[in-house]
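The structure under discussion appears below in the form of structure tokens.
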Amino acid sequence: MPRRGIRGGLLKFIREDDLDQIRFAIVEVLAEVGVLMDYRPALELLADHGARVDWSTSVVKIPEHLLEKALATAPSRFTLYGKTPEYDVKVDLERVYTIGGSCALSVLDLDGNHRPATRQDLIDLTRLLEEMPNLDIMHQIVVPSDVPELGYELINFATCYSISKRNYYSQAQSAESVRDQIKMAAVFQGSEEEVKRRPTFTEVVCMVSPLKHEKQNSEVLMESARHGIPLYIEVDALCGATTPAPIAGTLVEQGANVLAGVVLAQLVNPGVPCIFSIASGIMDMANGAYSGAAPETCLIHAGTAQVAHMFGLPYQGGTGIDAKLPDAQAGYERALQVLTNILAGTNFVHLSYGMMEQMLLASYEQVLIDEEIIGAAFRIARGFEVNDYTLSVDLLARVGPLGGHFLTQKETREFYRKDRWQPTLTNRDTWDAWQAAGGKDMRQAANERARAILAEEKPWAVTPEQAAEIERIAQEGVRKAQQRR
Amino acid sequence: MERTELFSKMQQAVIDGEAEQVESLARQALEQGIEPLEAINQGLIPGITEVGRRFERKEYFLPELMMAAEAMKKGMAVLERAIAERGIKREALATIVMGTVKGDIHDIGKSIVATLLSAHGFDVVDLGVDVPVEKFLESVLAHNAQVLGMSALLPTTMPYMRRVIEALEERGLREKVKVVVGGAPVTPAYAKQIGADGYGDDAVAAVRVVRELLGIKEQAQ
């Protein structure tokens, strides 16, 4: 049985007629302002299909008919494959899933130390994330300080892909890296043909705002599309700095930027899955910092869901929070952000586990706390049903007004187990009972749970022999990357 | 059916909260000539004990706990009737008078505790809600109760529990009964402050506290 997420989309901030205006604005920017693409093969392909290219500036203007053609072939429904069928993720425009990650440089470890991330942290955090029931897609949560900068993504691929049964959210610094990753997946899947038929990993390409596709982005996008590897086409707007300060203006920039990538991907390989993705935030005008958890950032992420879905594309939103510790700030930031995204119908709520300090810090404890918050938020988004059974008139008649109760009714026992979310770290005891059980706060409870999970050695998703072969390909790829420089 | 098989079926039916099944298994035990007391001790009690353990481990929650208690009571009714018919009087573990104090009409918490206590073999006299001092005292005397249980949900009605305890003292009844209190705003410290003998945080704890106060071991039933 594949994973089928709950349906989001109850929360809408944009009226239908305003949504039309956003669409017109995006189409106008694509056709009349254009996007800089610093990669000649991309410009040539777009020019061949009717885009207007200024070869002196590398700016390409994409007419509406070309956009429409791309949107007609970009699928709204597809599967992201896990290593076993129960980890397959059925994507459409309504269902909501979660992604871990991404790329923190430091960790807050279980002894309370703040220090640079190591490869051992990547292993341990990935093992921890693998045990989170509400996690759907695995992503590298840290970039270890003890691996080479050039080709680090291959080492991270070898680590996370080998540990996790979930679809792996990867990234690449070059076309060669994409090919090396296909080779690594083929070690598990049997052949490169099988990888292309049922890709067990995806690639993210992160565009620059305003309106810029770096050479490396276009190269990786085209190479991935060529092999049928699904793409998260992402823009990381800094609202007020790299995109206009009004949220509507930021939605327009994001739309034009992402859709230029979608057009390119569909020209390379019509039908390749493209996920409209953002990790945008506002700039805090006091210190210039990216704020992933500001209320305005939540609005950007919710609004973008409507924009992406208007174009028929599944959507990835969500980002890190700003707190430095698993404290009250972390709790409120994550809760508002996750709940807003889930209710808005963000199909992939990204960076939703353990990511703090403007995406610089990964906390072991926060991973567990975020699982709890996500569980509660999914429960709210699931809502409640109204029908004859749930209206319970017959049951009310049976118990009656003469001093009965519902605890011993079969319906109660049947229903509450399915209906209620059962917390694991949340404490609902009275002060005395809580004290009697040790009086632990949520962070302490998360710490104990994390230690217990990590103490239990579980087999990795691939065999030790496969892991060794995948590691060999990664190390070889790193060596080649160093030589190319 | 083998005795051991029958007992384990009875246990399972209690654990599953299947009242009708427990009832019919209790009848079957009697038809097979099993001593009713043995059926209680080896069929029903281990079942409800296991349910209590699951509740404390947070595998079972209130609906399962309550359905098991109801099933237990159904089985007990059949078996106790048989004991009475044989002219033997099965002594209840103790008689407990309980109620929600005057001014407070909250029923459910106290009822859960009452159900669970009676499922564990206590005779429970449930006075209901909004119970005045006089009614508590009369009932303790009339039933020769060993335990008085009081419940309050409101911080404003909680002090009434102290009034009841003072009245017990005035009538010279305080030494005769153990007083156990509970309810959302009640804490162990408050229970001590008003001179109660025990406090239970939930229904399973209430059973444990009553047993401790009366010196009854868990398996001694």
Checklist (1) of a type outside the set (Gly, Ala, Ser); (2) within 14 Å of another protein chain (Cβ to nearest Cβ); (3) surrounded by fewer than 23 Cβ atoms within 10 Å (Cβ to Cβ) applied to B:VAL133, failing item: (2)
Residue match in segment A:76-86 (condition: out of contact with any strand residue (DSSP E or B) (no Cβ under 7 Å at 6 or more places or on another chain), under 30 Å from A:LEU361 (Cα atoms), crowded, with 17+ Cβ neighbours inside 10 Å and in the same structural domain as A:VAL263 (by TED's automatic domain parsing)): yes
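Would you list the helices (runs of 4 or more DSSP H) that sit entirely within segment B:30-121 and hold 2 or more residues that are hydroxyl-bearing (Ser, Thr, Tyr)?
Numbers: elements: B:36-39, B:45-56, B:62-85, B:108-119.
So the answer is B:108-119.
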Failed condition for B:GLU35, given (1) acidic (Asp, Glu); (2) under 29 Å from A:GLU414 (Cα atoms); (3) over 19 Å from the mean Cα position of the chain (by Cα): (2)
Counted residues, segment B:96-106 - those being surrounded by fewer than 20 Cβ atoms within 10 Å (Cβ to Cβ) and either within 11 Å of chain A (Cβ to nearest Cβ) or under 9 Å from the mean Cα position of the chain (by Cα) (or both): 1
Some residue of segment A:380-388 being more than 14 Å from chain B (Cβ to nearest Cβ), among the β-branched types (Val, Ile, Thr) and closer than 28 Å to A:LEU343 by Cβ: yes
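Confirm whether A:THR340 is closer than 25 Å to A:ILE380 by Cα, part of a loop (DSSP other than H, G, I, E, B) and touching a Leu at 6+ places or on another chain (Cβ under 9 Å).
Values: closer than 25 Å to A:ILE380 by Cα: yes; part of a loop (DSSP other than H, G, I, E, B): no; touching a Leu at 6+ places or on another chain (Cβ under 9 Å): yes.
The answer is no for A:THR340.
Can you find even one residue in segment A:367-374 that is closer than 23 Å to A:ILE141 by Cβ, assigned to a loop (DSSP other than H, G, I, E, B) and away from chain B (no Cβ under 14 Å)?
For segment A:367-374, residues closer than 23 Å to A:ILE141 by Cβ, assigned to a loop (DSSP other than H, G, I, E, B) and away from chain B (no Cβ under 14 Å): absent.
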Subset of segment B:59-80 (residues that are modelled with pLDDT of 90 or more and farther than 23 Å from A:GLN409 by Cα): B:LEU79
Given (1) away from chain B (no Cβ under 12 Å); (2) out of contact with any Ser or Thr (no Cβ under 8 Å at 6 or more places or on another chain); (3) closer than 30 Å to B:GLY17 by Cα; (4) not small (Gly, Ala, Ser), number of the condition A:GLU448 does not satisfy: (3)
Residue that is surrounded by the most Cβ atoms within 10 Å (Cβ to Cβ), among those in segment A:398-445 that are at the interface with chain B (Cβ under 10 Å from one of its Cβ atoms) and of a type in the set (Ser, Thr, Tyr): A:THR408
All positions within segment A:23-53 that are farther than 21 Å from A:VAL220 by Cα and out of contact with any strand residue (DSSP E or B) (no Cβ under 8 Å at 6 or more places or on another chain): A:ARG23, A:PHE24, A:ALA25, A:ILE26, A:VAL27, A:GLU28, A:VAL29, A:GLY50
Enumeration of residues in segment A:37-74 that are surrounded by fewer than 18 Cβ atoms within 10 Å (Cβ to Cβ) and in contact with a Lys or Arg (Cβ under 6 Å, 6 or more places away or on another chain): A:ASP38, A:ARG52
Residue within segment B:19-37 that is more than 20 Å from B:ALA206 (Cα to Cα), touching a Leu at 6+ places or on another chain (Cβ under 9 Å) and within 14 Å of chain A (Cβ to nearest Cβ) present: yes
Cross-chain or 6+ apart pairs with Cβ under 8 Å, segment A:407-422 first and closer than 16 Å to A:LEU395 by Cβ, then surrounded by 15 or more Cβ atoms within 10 Å (Cβ to Cβ) and of a type in the set (Phe, Trp, Tyr): A:THR412/A:PHE406; A:TYR416/B:PHE61
Hits in segment B:57-73 - residues which are within 11 Å of chain A (Cβ to nearest Cβ) and among the basic types (Lys, Arg): B:LYS58, B:LYS73
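Does B:THR156 satisfy being touching an Asp or Glu at 6+ places or on another chain (Cβ under 7 Å), in the same structural domain as B:ALA119 (by TED's automatic domain parsing) and either free of Cβ contacts under 8 Å to residues at least 60 places away in the same chain or surrounded by fewer than 18 Cβ atoms within 10 Å (Cβ to Cβ) (or both)? I'd like the intermediate steps shown before the answer.
On the way: touching an Asp or Glu at 6+ places or on another chain (Cβ under 7 Å): no; in the same structural domain as B:ALA119 (by TED's automatic domain parsing): yes; either free of Cβ contacts under 8 Å to residues at least 60 places away in the same chain or surrounded by fewer than 18 Cβ atoms within 10 Å (Cβ to Cβ) (or both): yes.
No: the conditions fail for B:THR156.
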Residue tally, condition over 20 Å from B:LEU65 (Cα atoms), more than 14 Å from chain A (Cβ to nearest Cβ) and not in a loop (DSSP other than H, G, I, E, B), over segment B:168-208: 6
Single match in B:ARG81, B:ARG54, B:ARG86, B:ARG3 (criterion: of a type outside the set (Asp, Glu), surrounded by fewer than 23 Cβ atoms within 10 Å (Cβ to Cβ), away from chain A (no Cβ under 13 Å) and closer than 30 Å to A:ALA437 by Cα): B:ARG54
Residue tally, condition assigned to a helix (DSSP H, G or I), farther than 21 Å from A:HIS213 by Cα and either free of Cβ contacts under 8 Å to residues at least 12 places away in the same chain or of a type in the set (Gly, Ala, Ser) (or both), over segment A:61-83: 1
Given (1) modelled with pLDDT of 95 or more; (2) touching a His at 6+ places or on another chain (Cβ under 8 Å); (3) closer than 22 Å to A:PRO199 by Cα, index of the condition A:SER106 fails: (3)
Condition met for B:ILE112 (within 14 Å of chain A (Cβ to nearest Cβ) and buried (at least 18 other Cβ atoms within 10 Å of the Cβ)): yes
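The values are calculated or read from the model by the stated rules, or taken from the named source; none is laboratory data. This structure is a prediction, so every number in the text was calculated from the model and none was measured. Ideal geometry is used to build each Cβ from the backbone, glycine not excepted, and the neighbour counts take in all protein chains shown.
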